[in-house]
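Before any comments, here is the structure.
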Amino acid sequence: MTADFRLRRAVPADLPALLALENASFSYDRMSARQFRRHLDSPSALLLVADDTPALLGSALLFFREHSSLARLYSLATATAARGRGIGRALLAAAEAGARARGCNRLRLEVRQDNAAAVQLYETQGYRRIAALDSYYDDGAAAWRYEKPLQAGS
């Protein structure tokens, strides 16, 4: 199957669509316009989007720490109408490539324990559950912490 969307780094013009996707995807811990603006140009963040102009189909936000070989996937969202098209998997692969390009050899993330689709995505893409985090989210929901080693070219 060929992709009918493209992956690219987010730009300021994406801000309204990013906010709409954030509000549609999450009922907790939502990013604000200010936070998104800060991450667009931050050397410690990589904000990726999947689009099929004019629609924004998904986003991924990756954080880096100076002098660390560990990157953190902070957020991965796919528009409801676009689910099942491989967008989450493609954004995850692009995030991994972005982390490797920054010299990171591991990617870590947290996901709600009740988000079965996301848990399945991460596990099928080689992420290993390393911790259970009780009351991790603002609404009191628990999370799983996952990590994946990033080998060159993987």
Give the residue that is surrounded by the most Cβ atoms within 10 Å (Cβ to Cβ), with candidates limited to residues of region 101-120 that are more than 25 Å from Y28 (Cα to Cα) and over 15 Å from the mean Cα position of the chain (by Cα).
-> C104
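Being surrounded by 14 or more Cβ atoms within 10 Å (Cβ to Cβ) and over 16 Å from the mean Cα position of the chain (by Cα) narrows it down to one of A60, A81, A141, A94, so name that one. Before you say what the answer is, go through the steps one by one.
Details: A60 fails: over 16 Å from the mean Cα position of the chain (by Cα); A81 fails: surrounded by 14 or more Cβ atoms within 10 Å (Cβ to Cβ); A94 fails: over 16 Å from the mean Cα position of the chain (by Cα).
On inspection, the qualifying residue turns out to be A141.
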What pairs can you find where one residue is in region 21-44 and without any contact (Cβ under 8 Å) to a residue 24 or more places away in the chain, the other is in a helix (DSSP H, G or I) and charged (D, E, K, R), and their Cβ atoms are less than 6 Å apart, with a gap of 6+ or different chains?
-> R30/E22
Note down all Cβ pairs under 6 Å where the first residue falls in region 126-153 and is on the phi > 0 side of the Ramachandran plot, the second is in a strand (DSSP E or B) and modelled with pLDDT of 95 or more, and they're at least six residues apart or on different chains.
-> G126/K148
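The values are calculated or read from the model by the stated rules, or taken from the named source; none is laboratory data. Since we're looking at a predicted model, the values are computed, not measured. Virtual Cβ from ideal backbone geometry, glycine too; neighbours counted across all protein chains shown.
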